[in-house]
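What follows is a short report on a single structure.
Read-outs throughout are calculated quantities, based only on the coordinates presented, and are distinct from any laboratory measurement. Quantities reported herein were computed from a predicted structural model and do not represent experimental measurements. All Cβ positions, even for glycine, are placed from backbone atoms using ideal geometry, and neighbour counts span all protein chains on display.
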Amino acid sequence: MAKKKAQAKLTAVSAPVIDIGIDAKDRARIAEALSRLLADTYALYLKTHSFHWNVEGPMFNTLHLMFMEQYTELWNALDEIAERIRALGHPAPGSYKAFAKLSSIEDTDGVPEAMAMVRELVKGHEAVVRTARAAFGPAEKCGDESTADLLTQRLQIHEKTAWMLRSLLK
């Protein structure tokens, strides 16, 4: 009798199995793709914040403020992406080691000059676009509209930001 009560108590506090209309294998594939997006977003956030701190030159004020707006937006996006991974039932990566394995964005050595920073950020935003676009396949395959919506928003933001940064280089 005591064993049955212990099992009943354990069952009562256990979380129910995720049943959102997406099977476990598909949720795992989507979470994996979103983990790469999270890693790229974090790498771009870190790079943008570093450039904000270290930019110099005649466009200092403009770039300093622009980079601050960009890293703030990226910081907020990190939470949205990580929480979607969690909603799918998977842990979100959260270490530099994990991000380094998953990210397609390379670190910057030293402190580039201002326009080289802009060029690197264009490349970074375009890399995030490619990573987000690659995540559409697994999401669309199983009708995961929530992830598709998140990806669409991220694409719009990164494509627009890349265009704005590229415009500075003309």
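Residue pairs whose Cβ atoms lie under 8 Å apart, sitting 6 or more positions apart in sequence or on different chains, and linking a residue in the stretch 36-53 that is within 21 Å of P138 (Cβ to Cβ) and touching a residue at least 60 places away in the same chain (Cβ under 8 Å) to a partner that is of a type in the set (D, E, K, R) and part of a helix (DSSP H, G or I), are L37/R154; A39/K101; T41/R154. Scanning the stretch 138-170 for residues that are small (G, A, S), in contact (Cβ under 8 Å) with a residue 60 or more places away in the chain and out of contact with any Ser or Thr (no Cβ under 7 Å at 6 or more places or on another chain) yields a count of 2.
Residues in the stretch 98-125 that are within 30 Å of C142 (Cβ to Cβ) and either part of a helix (DSSP H, G or I) or hydroxyl-bearing (S, T, Y) (or both): A98, F99, A100, K101, L102, S103, S104, G124, H125. Answer with yes or no whether V128 is touching a His at 6+ places or on another chain (Cβ under 6 Å), under 30 Å from L63 (Cα atoms) and in a helix (DSSP H, G or I). Taking the combined requirement at face value, the residue satisfies it.
Just wondering, is there one or more residues in the stretch 77-89 that are in contact (Cβ under 8 Å) with a residue 60 or more places away in the chain and either exposed (fewer than 12 other Cβ atoms within 10 Å of the Cβ) or in a loop (DSSP other than H, G, I, E, B) (or both)? Yes, some residue in the stretch 77-89 is in contact (Cβ under 8 Å) with a residue 60 or more places away in the chain and either exposed (fewer than 12 other Cβ atoms within 10 Å of the Cβ) or in a loop (DSSP other than H, G, I, E, B) (or both).
Of the residues making up the stretch 139-170, those that are in a helix (DSSP H, G or I) and crowded, with 21+ Cβ neighbours inside 10 Å are A139, T147, L150, L151, R154, H158, T161, L165.
Within the stretch 101-116, being of a type outside the set (V, I, T), over 19 Å from I157 (Cα atoms) and surrounded by 15 or more Cβ atoms within 10 Å (Cβ to Cβ) holds for L102, P112, A114.
When the criteria are applied in full, E73 meets the requirement of being more than 16 Å from A39 (Cβ to Cβ), in contact (Cβ under 8 Å) with a residue 60 or more places away in the chain, charged (D, E, K, R) and in a helix (DSSP H, G or I).
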